[in-house]
Amino acid sequence: MVRFVEVANKSQIPQNGAIGVEVEGKSLALVNLNGEIFALDDTCPHAAGPLSEGEIDGEEITCPWHHSRFDIRTGHVTMDPADEDVATYRVRLVGDAVEVEI
């Protein structure tokens, strides 16, 4: 059953930055892109690097281990060595609470 789960507060996520969270066995990167929150898998498909620790440049996040890049909005890989996209998740805000559809 798909439902929204509270995972963080928006105030915890730095502007144009990311944090990693664990929810129901999933590792997610929450990204604050100019005030809009996005959620994507936190694990790079190339070598399991933590995307939440990567740099954000425009609308892309870079894996800190081998520099694969992903579109924050869609999860599409934009630069190798990764050759698989990462999953994205719907996000909604309820006040300051960030909820992700799981």
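Where a number appears in this text, it was derived from the coordinates with a stated rule and is not lab data. As the structure is a prediction and not an experimental result, all values here were calculated from the model. Reconstructed Cβ throughout: ideal geometry from the backbone, glycine too, with neighbour counts over all protein chains shown.
Which value, in debye to the nearest 20, gives the size of the charge dipole of the chain about its Cα centre, when Lys and Arg are +1 and Asp and Glu are -1 at the Cβ? The partial results should precede the final answer.
On the way: 7 positive and 19 negative charges, 65 e Å.
It comes to approximately 320 debye.
Sort F70, F4 so that the residue with the fewest other Cβ atoms within 10 Å of its own Cβ comes first and the one with the most comes last.
Going from least to most buried by this count: F4, F70.
What are the semi-axes of the equivalent ellipsoid of region 2-56, taken as the square roots of 5 times the eigenvalues of the Cα gyration tensor, listed largest first and rounded to whole Å?
Numbers: eigenvalues 58, 50, 13 Å².
Sorted largest first and rounded, they come to 17, 16, 8 Å.
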